Amino acid sequence: MRWRGRRQSSNVEDRRGRGGFARGPGGLGRGGGIRIPIGRAAGGGGLSGIILIVVLFLALRACGIDPLDILAGGDGVPGGGGQVTRQQTSPAEDEMAQFAATVLAETEDIWHGIMQAQGSRYEEPGMVLFTGQTGSGCGFASAASGPFYCPADSKLYLDLGFFNELARRFEATGDFARAYVIAHEVGHHVQNLIGVLPRFNEMRRSMDEAEANRMSVRVELQADCFAGIWAHYTDRRGLLEEGDVEEALNAATQIGDDTLQRRTQGYVVPETFNHGTSQQRRTWFARGMESGRIGDCDTFNNPI
């Protein structure tokens, strides 16, 4: 992908290298966590300390300060410019951060155009780059869970170490494989804007686990299709290079539910799928890329 020298998004919040959370062994931070020490108040036992922490947490929230950001080493103000002590990042990781910001900018340009053509307004998502764990509007964001989109604060959360894991463990290499991951999460943001995610979150309250998994697969495949739409227009802008599409299709294959289960446990359990099989993910990404139309990404009223 021809990304160097292009605009980078201003909607990126860089929390990499902030202290406060332990990063466990492995590329995705497995085993890491957070510990909040609670001292004993004189004569009051541990409960008083817990109550004090809760009251302090609520008071900080009421003042517009994010206690989780303070724990992560920040200044407590989302996106604020306070002094932060950071661990040194490598040039390779900094380049990856620039790549992510550039891809996000490309999604902004393309989805603005698509939404405007449909008479709608595109509200840009944010992107948070972090190390290990951080706070999000959906609770703790953890590298162990991989990149994800939080509809509560309209932000993508990404530990850049995931890209190393994607290449090393899942054999999905290349810059457009990484771009596909970001475009997929932006696809969830589009779903949030057009009402798909709110409807799904409402419906699954009355679903059992199997039903929720089946619906989740359709949600995820639509996000893959939306990523394909982005790739369609990115290609039109002359930014794709030879082999880019194959990199994205390979990434979709490697992170299909059946492939992941077969790799990790040696067998597959279809009723537990919640993202789609490798073939389904490839198919819906390719469909979006071929057509470039939102209407062709209806995974809810068409066979998947």
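Extension gain Glu290-Arg121, at 0.36 nm per residue separation less the Cα-Cα distance, in nm?
Taking Glu290 through Arg121 to full extension adds about 58.4 nm, to one decimal.
When you take every Cα atom in the stretch 89-297, what is the radius of gyration, and what is Dmax, the widest Cα pair distance, in Å?
16.3, 48
Taking loop as defined by DSSP and a crowding limit of 16 other beta carbons within 10 Å, which trypsin sites (Lys or Arg not before Pro) in the stretch 265-304 fit?
Hits after loop and neighbour filter: Arg293.
In terms of modelled amide H atoms, which long-range or inter-chain residues lie less than 5 Å from the amide H of Lys155?
Sorted by chain and number, the residues that satisfy this are Gly126, Cys150.
I'd like to compare 188-198, 125-135, 152-162, 270-280: which one has the highest average count of other Cβ atoms within 10 Å, and what's the full order after that?
The most tightly packed comes first, giving 125-135, 152-162, 188-198, 270-280.
Between rounded, prolate and oblate, where does the stretch 205-304 land on the alpha carbon gyration tensor, with a ≥ b ≥ c its root eigenvalues, rounded for a/c under 1.5, else prolate if a/b exceeds b/c?
Because a/c hits 1.5 or more and a/b fails to exceed b/c, the stretch 205-304 counts as oblate.
With just the Cα atoms defining each centre, how far is the stretch 168-194 from the stretch 95-164? Give it in Å.
Computed from Cα coordinates, the inter-centre distance equals 9 Å.
With each pseudo-label sitting 7 Å past Cα toward Cβ, what's the Ser90-Met207 distance in nm, one decimal?
Here the answer is 3.9 nm between the modelled labels.
Assuming a ≥ b ≥ c are the square roots of the Cα gyration tensor eigenvalues, decide whether the stretch 214-254 counts as rounded (a/c under 1.5), prolate (otherwise, with a/b larger than b/c) or oblate.
In terms of gyration-tensor shape, oblate.
Using θ = phi - 60° and the Karplus relation 6.51 cos²θ - 1.76 cosθ + 1.60, list the HN-Hα couplings for the stretch 205-210 in order, rounded to whole Hz, with x at every Gly or Pro.
5, 9, 9, 7, 4, 5
Report relative contact order for the stretch 102-239 in percent, whole number only (criteria: Cα-Cα under 8 Å, sequence separation at least 6).
Relative contact order for the stretch 102-239 comes out at 22 percent.
Read-outs: derived from the displayed coordinates by stated rules, not from any lab. Every value quoted in this text rests on a predicted model; they were computed, and no experiment measured them. A quick note on method: Cβ atoms are made from the backbone with ideal geometry, for glycine too, and the neighbour counts reach across all protein chains shown.
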